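Undergrad: Right, I'll just put the structure down here and ask away after.
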Amino acid sequence: MKEASRLSQISTSMIRRMFEIVEKAKKEGRDIISLTIGEPDFDTPQEVVERACRAMNTGFTHYTSNFGLEELRSAIAERYGVESSNVMVTAGGSEALLNASLAFIEEGSKVVIPSPNFLSYFTYAKMCGGKIVQLKTHDSNFLPDVDRLNEIVDRNVSVIFLNYPNNPTGAVIKEKDLRAIAEIAADSGAIVVSDEIYDQIYYDIKPTSLAGEENVVCVNGFSKSLAMTGWRIGFTIADEKLLDPMLKVHQVNGVCAPAFAQKAVAEVMAEGLFDTIVSRMVKEFRKRRDYLYSELSRIYDVVKPEGAFYMFLNVGEDCMRYAEKLIGLGVAVTPGLPFGEWNETYVRISYANSLENLKRAVEIIKEYEGQRA
Ligand code: PLP
């Protein structure tokens with residue numbers, strides 16, 4: 001078997017190693033509190049499930065248009081202040097990201113990724129033959145410095161990946177800076193892929209959407225906002241001339257999101273239930289964020305997350321060593337390395353876990369730090 005050369009730079013070893021460590025601990029009968037989870041710990045709300053069952057029973061079991069059900073496109077368009085012709089429904093946010101990458105990353109072109117960032121961007125860029133240029137954000141609260149970005153971006157940049165609220169840091173960028181980056185990209189002919197998948201999960205600052213900006217592809221979905229990770233339903237908002245290249249990929253990639261999932265979400269949005277469901281979840285996430293921040297900021301260097309359900313801690317030692325030691329004590333965290341350069345001493349904590357488990361985890365972390373001191 002010979003793997004295609006486009007995959008030669010892509011590795012799954014780190015994820016495998018962490019998985020093996022957790023599996024080994026479980027086999028040994030140890031109770032592990034996992035703070036590695038990248039999805040809400042809540043089940044999909046009943047409001048969605050009931051409507052999906054009804055949809056399945058009334059024939060929403062076939063292909064839909066590649067663009068998605070019109071009623072869902074319209075509901076999304078209304079929410080983001082665009083036309084429904086600017087919306088393409090996809091099989092999750094991941095499909096939308098791959099569509100955008102294959103559509104816009106020219107082989108050999110530069111792909112700008114602020115670090116730390118969602119690990120998949122590095123994979124998409126490598127798969128498409130892009131040259132990754134990382135922008136350090138550790139000394140600016142995990143937000144890109146616009147002047148520094150301006151120095152990096154030239155006509156060889158094809159795509160700039162942005163993600164606010166951010167995975168793994170929870171950082172939310174200011175509207176002024178976000179729009180300035182979109183302008184820098186436009187001036188040099190680059191496309192901004194603005195991954196807004198956590199836009200509903202925020203605490204004090206409402207994240208800005210770049211929907212409607214000319215050279216921007218917004219990626220979003222319902223995996224996080226409606227706790228629907230297993231349903232595979234996402235969407236892209238972009239100018240029609242940008243949707244067209246992505247449709248070339250989508251028609252052979254995701255094809256369409258599950259019809260019953262589209263119908264259920266469309267109804268939830270039309271009936272005005274979306275915000276109520278989201279706020280129920282965010283209320284819980286806020287309690288956990290406040291608890292974790294107050295505890296962990298006393299021990300580590302942490303930036304207070306403004307969105308999503310992650311915290312990125314500088315633990316002051318090799319992240320793999322730290323993660324392995326902590327597993328030994330019963331807590332699993334994600335090492336910072338896969339999130340980009342300069343993350344060797346960082347780990348990501350997901351608070352998509354009960355407050356009770358978070359409290360136990362904090363006690364274990366304190367115990368570890370007590371041993372280290
Ligand atoms: N973008 C970011 C920043 C994410 O964290 C994730 C999932 O963890 C995704 C996209 C993918 O979401 P989906 O499940 O909709 O493919």
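The values are calculated or read from the model by the stated rules, or taken from the named source; none is laboratory data. Please read all numbers here as calculations on a predicted model, not as lab measurements. Cβ: placed from backbone, ideal geometry, glycine included. Neighbour counts: every protein chain shown.
Undergrad: Would you call PRO338 within 16 Å of the ligand (Cβ to nearest atom), out of contact with any Gly (no Cβ under 8 Å at 6 or more places or on another chain) and either under 21 Å from LYS24 (Cβ atoms) or outside any helix (DSSP H, G or I) (or both)? Give the derivation first.
TA: Working: within 16 Å of the ligand (Cβ to nearest atom): yes; out of contact with any Gly (no Cβ under 8 Å at 6 or more places or on another chain): yes; either under 21 Å from LYS24 (Cβ atoms) or outside any helix (DSSP H, G or I) (or both): yes.
It is true that PRO338 is within 16 Å of the ligand (Cβ to nearest atom), out of contact with any Gly (no Cβ under 8 Å at 6 or more places or on another chain) and either under 21 Å from LYS24 (Cβ atoms) or outside any helix (DSSP H, G or I) (or both).
Undergrad: Which ones in region 20-56 are within 16 Å of the ligand (Cβ to nearest atom) and either polar (S, T, N, Q) or under 19 Å from SER350 (Cα atoms) (or both)?
TA: Passing the criteria: SER34, LEU35, THR36, ILE37, GLY38, GLU39, PRO40, ASP41, PHE42, ASP43, THR44.
Undergrad: Just name the residue that is farthest from SER194 (Cα to Cα) out of those in region 115-134 that are without any contact (Cβ under 8 Å) to a residue 60 or more places away in the chain and surrounded by fewer than 20 Cβ atoms within 10 Å (Cβ to Cβ).
TA: LYS131
Undergrad: Being at pLDDT 95 or above, of a type outside the set (Ser, Thr, Tyr), assigned to a strand (DSSP E or B) and touching a helix residue (DSSP H, G or I) at 6+ places or on another chain (Cβ under 9 Å) is true for just one of VAL89, VAL82. Which residue is that?
TA: Residue meeting the stated conditions: VAL89.
Undergrad: Still on this structure, please answer the following. Does any residue of region 70-92 turn out to be closer than 30 Å to GLU213 by Cβ, of a type in the set (S, T, N, Q), crowded, with 18+ Cβ neighbours inside 10 Å and in contact with a Gly (Cβ under 7 Å, 6 or more places away or on another chain)?
TA: Checked region 70-92: at least one residue is closer than 30 Å to GLU213 by Cβ, of a type in the set (S, T, N, Q), crowded, with 18+ Cβ neighbours inside 10 Å and in contact with a Gly (Cβ under 7 Å, 6 or more places away or on another chain).
Undergrad: Among the residues in region 251-273, are any under 21 Å from SER85 (Cα atoms), more than 16 Å from the ligand (Cβ to nearest atom) and touching a His at 6+ places or on another chain (Cβ under 7 Å)?
TA: Taking every residue of region 251-273 in turn, at least one turns out to be under 21 Å from SER85 (Cα atoms), more than 16 Å from the ligand (Cβ to nearest atom) and touching a His at 6+ places or on another chain (Cβ under 7 Å).
Undergrad: Another question about this same structure. Residue check: is VAL303 out of contact with any Lys or Arg (no Cβ under 8 Å at 6 or more places or on another chain), away from the ligand (no atom under 16 Å from the Cβ), at pLDDT 95 or above and farther than 30 Å from PHE60 by Cβ?
TA: yes
Undergrad: Going by what's in this entry, would LYS283 be described as in a helix (DSSP H, G or I), surrounded by fewer than 20 Cβ atoms within 10 Å (Cβ to Cβ) and either at pLDDT below 95 or within 24 Å of the chain's Cα centre (by Cα) (or both)?
TA: yes
Undergrad: Another question about this same structure. Could you say which residue among ALA266, ALA308, ALA257 is on the phi > 0 side of the Ramachandran plot and either buried (at least 20 other Cβ atoms within 10 Å of the Cβ) or over 21 Å from the mean Cα position of the chain (by Cα) (or both)?
TA: Step by step, each of ALA266, ALA308, ALA257 is checked, and only ALA308 is on the phi > 0 side of the Ramachandran plot and either buried (at least 20 other Cβ atoms within 10 Å of the Cβ) or over 21 Å from the mean Cα position of the chain (by Cα) (or both).
Undergrad: Sticking with this structure for a sec: Just name the residue that is farthest from the ligand (Cβ to nearest atom) out of those in region 220-239 that are touching a Phe, Trp or Tyr at 6+ places or on another chain (Cβ under 8 Å) and under 18 Å from ASN66 (Cα atoms).
TA: ILE237
Undergrad: Mind checking which strands (runs of 3 or more DSSP E) fall wholly inside region 110-188 and carry at least 3 residues that are within 25 Å of GLY336 (Cα to Cα) and touching a Leu at 6+ places or on another chain (Cβ under 8 Å)?
TA: Numbers: elements: 110-115, 131-136, 157-163.
Correct list: 110-115.
Undergrad: Looking at this structure, is LEU119 within 16 Å of the ligand (Cβ to nearest atom) and modelled with pLDDT under 95?
TA: Yes.
Undergrad: What about ILE277, is it buried (at least 16 other Cβ atoms within 10 Å of the Cβ) and farther than 30 Å from ILE105 by Cα?
TA: So ILE277 fits the description; yes.
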